[in-house]
Every structure is written in C-alpha cells, then in structure tokens.
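Data first, discussion second: the structure below is written as structure tokens.
Computed from the coordinates by the stated procedures, all read-outs in this text should not be read as laboratory data. Only a predicted model underlies this, so the values are computations on that prediction, with no experimental measurement involved. Please note: Cβ atoms are built from the backbone with ideal geometry, for glycine as well, and neighbour counts cover all protein chains shown.
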Amino acid sequence: MIIPSSSPFHMLLCLVVLLLLPFPSFSADPDPLQDFCIANLNASISVNGFPCKPASEVTSDDFFFDGFTKEGNTSSIFGAHITPGNVLSFPGLNTLGISMNRVDFAPGGLNPPHSHPRASETGVVVKGKLLVGFVTTGNVYHSKVLSAGQMFVIPRGLVHFQKNVGKKKALAFTAFNSHLAGSAVLPFNIFASKPSIPDDVLTKAFQVEEYIIDAIKSKFSS
C-alpha cells in the first residue's frame, strides 16, 4: 500500500522518526554520561566544562532559573541588553548541551554583529519588530524583518545581528545547542581587545587612515 505523502499518517510517521533520532547528536557539547551534572562553578579544576556538584548537595532549585523574569537595562551604547541563561548563570544546564538568552531592545536598539563559536542559534520574537541578518562564509547576506511569533535560525559560527526596527521596545528569546555557546562581538573584538590589535593591521584590513582607527577605538575605550 502506498501512503500519500500529505496524509496525516505519513506526517505522524515522520514525527515519530524525528523523535526516535538520538537528540544528543544535534548537540555541540559532549553527550552526558549521567542524568544530570549540576555545575560546581567554584571547582579549582575544569576540563572542557565544569565538574559535578555532589549528588547529595543537589536540590530542586538547581533545575529552575528565574533570570528571564525581568526586563534588561537597554541604556547601553547599542540600546540592547542580553540576559544569559547559560551554565554560568544556570549551573543545572551543565553537560546538557542547551542554553538560552533573553534579549531586550530599546527602539532602534542593536545586538551588534557577533558570532557563537560553539553553537547554532535559534530564536523567536516575542514583542516588537526585529531585522535579523547573518552573513555566510561566502559573503552572502541573508535577512528578514520579523514580528512577534516569528522564528529564525543562525548556523554555527556565522556573523549575525538583530536590530529593533519598530517604534516600540522589542523582546526576543534565543536558544543554543551548547550550555556555553560563547560570543565573539565584532566591534569589541576588533577595536577593544587587550592588548590592542596594532593600528597598522587594522588600517590595512579596513583600507583607512590611522586616525579613523584611533577614533573608532576611542568609542570603545573603558
């Protein structure tokens, strides 16, 4: 018997197959070898992650996080605020290969061009209107303006951004397939590193005069 590809049974079968696939294969982090491993952030030894808190010290609170309940302060130079829900703020995520961020935007606010070296990213706009864009390794720019309820995905390691193009505040939640995705924010990486990237490297890279590089660096000096 041939089952039409559009039949409810066929769609149910596809869903079952997806659910039966080993979920950890999509994770950017190593597979866990126990039910959970609440991170001991104070441990003196750490090998590509955090050691586990002794099971006898684990409580129910270790599995819950309320850090996303409050709106972030968007008075920064970019008009955006990221509240991380990764292993550093939510130790219960340790070894599970997942994390989230809350991202608040003032009108015109920008989550500046950045990349996540250890994870792909997906996100949903909860409030407002965001321009979401990323650039491939072939220098192709993909973008779209998203409204509340719409979702996006950013492949691992690619430079991307989100900008509030609405007249009111905006809010998005993003998720990663790593408990600590990392974030390389281009303006700070390039113009505010410690020690600084030599001016002659940046003038050559951007094909501008040194005074322009110095002027940009001054915007990010602490």
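Quick look at the values:
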read-out	value
Estimated FRET transfer efficiency (SER196, ASP66; beta-carbon r; R0 45 Å; 0.05)	0.70
Angstrom value of the Kirkwood radius, inverse mean 1/r, which spans all Cα pairs in the chain	20.2
As computed over the range 111-174, the Cα convex hull volume per residue (Å³)	69
Positive dipole terminus of the range 119-222, leading residue within GLN150, HIS160, SER218 (C-beta point charges)	GLN150
Cα-Cα over 24 Å, subset of LYS169/LYS194; LYS163/LYS204; LYS144/LYS169; LYS70/LYS163; LYS144/LYS204	LYS169/LYS194; LYS163/LYS204; LYS144/LYS204
Cβ crowding within 10 Å averaged over residues, with 66-74, 109-117 ranked highest first	109-117, 66-74
Of every Cα-Cα pair in the range 143-222, the percent that sits beyond 16 Å	66
Cβ-defined net charge surrounding ILE216, 13 Å radius [Lys, Arg +1; Asp, Glu -1]	-2
